[in-house]
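Note sheet for the following structure.
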Amino acid sequence: MVAQAGKDLLLKLDTVGDGTFESVAGLRSRRLALNATPIDITDAESTGRWRELLAGASTRHASLSGSGLFRDKASAEKVRTAFFAGELRAWQIILPGFGTLEGPFHLSALEYSGDYRSEVTFEISLESAGALTFTPLT
């Protein structure tokens, strides 16, 4: 991946469940982690008691965290509603110079903070909740 402006990583939400995504926030900082937890098949007869892993198998997981400002009052309300409903929602993450990751996520944390001399900001955490699709940048 070549150098890209961090502000170009976008977070979008399918607010009505029809496959139409809209940007909901301006994230000032963000982090996307893709993980593949291996399946351990070590047993008493494993050579030298070394750990053995099942080839081609893992539990895949994605998480996104970020902080910033909501786009507008309506966007803040949509994210807040998704959190309190506890629903799995379709989210889309646009990775500049790389592609798009899309699928169901659980909104696991929503935090607000502010300084009396500045605006109210928020922090958000999303955890994958099903199969994700990746569309590479063409």
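The values are calculated or read from the model by the stated rules, or taken from the named source; none is laboratory data. Because the structure is a prediction, the values reported are computed rather than measured. Glycine also receives a Cβ, built like all others from the backbone with ideal geometry; neighbour counts cover every protein chain displayed.
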ask   = Is it true that some residue in the range 116-129 is of a type outside the set (Ser, Thr, Tyr), in a strand (DSSP E or B) and in contact with a Pro (Cβ under 6 Å, 6 or more places away or on another chain)?
value = no
query = Do any residues in the range 73-99 that are touching a residue at least 60 places away in the same chain (Cβ under 8 Å) have Cβ atoms under 9 Å from those of residues that are in a helix (DSSP H, G or I) and small (Gly, Ala, Ser), where the two are at least six apart or on different chains, and which pairs are they?
reply = ARG89/ALA82; PRO96/GLY6
query = more than 16 Å from THR15 (Cβ to Cβ), surrounded by fewer than 16 Cβ atoms within 10 Å (Cβ to Cβ), among the aliphatic types (A, V, I, L, M) and touching a helix residue (DSSP H, G or I) at 6+ places or on another chain (Cβ under 9 Å), is that true of ALA131?
reply = no
query = What residue, of ALA5, ALA85, ALA25, ALA57, is farther than 16 Å from THR133 by Cα, modelled with pLDDT under 90 and either among the aromatic types (Phe, Trp, Tyr) or out of contact with any strand residue (DSSP E or B) (no Cβ under 6 Å at 6 or more places or on another chain) (or both)?
reply = ALA5
request  = Identify the single condition in (1) within 16 Å of ASP14 (Cα to Cα); (2) modelled with pLDDT of 85 or more; (3) surrounded by 15 or more Cβ atoms within 10 Å (Cβ to Cβ) that ARG71 does not satisfy, given that it satisfies every other one.
outcome  = (2)
query = Does the range 114-138 hold any residues that are of a type in the set (Ser, Thr, Tyr) and either under 15 Å from the mean Cα position of the chain (by Cα) or over 15 Å from GLY26 (Cα atoms) (or both), and which are they?
reply = TYR116, SER118, SER125, SER128, THR133, THR135, THR138
inquiry  = I want to confirm something. Restricting to the range 29-55 and keeping residues that are of a type in the set (D, E, K, R) and outside any strand (DSSP E or B), which single residue is farthest from the chain's Cα centre (by Cα)?
reply    = GLU45
